[in-house]
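Below is one structure; the comments refer to it alone.
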């Protein structure tokens, strides 16, 4: 993985771009992209500028599969759901799709009947151009809530998605769904089933409104592996739980969160079935890919200067440990202490105490990296605070809390809360 240089003032921004990223190849198979297809067999990515929010950037994207692809998805748990979420929830429940169209700059959320009509029209335009059934097209949107889509711009841009000049790679696809992101988020890796190689690749966007379950994030994964459809759904939900659901930037959950995986089977492998060695390898690759994307989202947290790994051990259950870790991750006092490079361990201990989980304060230990701050519930003394502050001056560090009760454990990822976060979100709609 190669880090992308940070932008000025965003010291921890980096992305992981793998060497086996998709490249445009000429294919003899039939598809509506004038026979231009990708290294991930049977998938094509394209992106164009529709100027949905403002000109000068890619903001309308398409993933297209030459054949029907087994499909699974996870959506926001927010009870207020955007029109594209509601439509895609209905369609992805069938377990098959051919295309996914996504726009950035406008969430198409809280837009009533018009919003649903616009989401439907967007998929209808794609289906007509691709020559496929409309219900095989999923749709996703991200951006400002409460504004209807500028459909005249989308109508004018859809044809461009099917031009050779619009075909792009994973990086271009990732850029086209960015909003406040400062770098594209990409991950991919090779797999093998029955002696047949396949590729799994994904992109994501997200920098703010990030907290499980899911967040203001879109993530799209594709694989040319053949995977049992029911198993694909189970494996994907579990992998999302171990990746996108263990991160937090600001504790907010969006109306538009969407994560989709499409598996078209064009690698030609024997279908991956649950409980097999091939399934175990697929699950490992899927988790690693999603976790890479999730960590990239945290690194790109709006205004963030710190990337923090929070480990909680010794809880009565993994669920208890995760609840404590997320409570720490979402504490504004803890996050501002991280930004201020202040080893204020008391704020963390307080968050442990109000997480609603059974603890014994006289057993708690806490450390920043390898610097012990608390043992048996009290400050260790000496120069620990000075050494702890040294740890917090780094751009990346680990906070470990040991409850010393049982074997339950969890790890979550978070960032600090800076002045820039306030500035970014105060001006978001302008």
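Every read-out reported here was derived from the displayed coordinates using simple, explicitly stated rules and does not represent laboratory data. Computed from a prediction, not measured in an experiment: that's the story for all the values here. Here the Cβ positions follow ideal geometry from the backbone for every residue, glycine too, while neighbour counts run over all protein chains shown.
Within segment 372-404, list the residues whose amide N lies under 13 Å from a label point set 7 Å along Cα→Cβ of residue 360. Within reach of a label on residue 360, which here means backbone N under 13 Å from a point 7 Å along Cα→Cβ, segment 372-404 contributes 376-377, 403-404.
Placing pseudo-labels 7 Å out from each Cα toward the beta carbon at residue 163 and residue 378 gives an inter-label distance of 7.3 nm. Label sites at residue 67 and residue 394, each approximated as a point 7 angstrom past Cα along Cα to Cβ, lie 4.8 nm apart. Per-residue extension of 0.36 nm, minus the Cα-Cα distance of residue 113 and residue 317, leaves a gain of 69.0 nm for this segment. Per the Debye formula on identical point scatterers at the alpha carbon atoms of segment 307-426, with no solvent, log10 I(q)/I(0) at q = 0.18 Å⁻¹ is -0.86.
The stretch between residue 333 and residue 121, if pulled fully straight at 0.36 nm per residue, gains 71.8 nm over its current Cα-Cα span. Fully extending the segment from residue 128 to residue 288, taken as 0.36 nm per residue of separation minus the present Cα-Cα distance, adds 54.0 nm.
Among 254-262, 155-163, 119-127, 196-204, the peptide with the highest mean count of other Cβ atoms within 10 Å heads the list, and the full ranking is 254-262, 196-204, 119-127, 155-163. Here segment 24-299 carries DSSP beta bridges of which approximately 75% are antiparallel, counting only pairs with both residues inside. Hey, with R₀ at 22 Å, roughly what FRET efficiency would residue 135 and residue 79 work out to, going by the Cβ-Cβ distance, to 0.05? Given R0 = 22 Å and the Cβ-Cβ separation, E is 0.30. A prolate overall shape is assigned to segment 239-315, the ratio a/c of its alpha-carbon gyration tensor axes (a ≥ b ≥ c) being 1.5 or greater and a/b exceeding b/c.
With coordinates expressed along the principal axes, the C-alpha atoms belonging to segment 24-299 extend over 49, 44, 32 Å, beginning with the largest.
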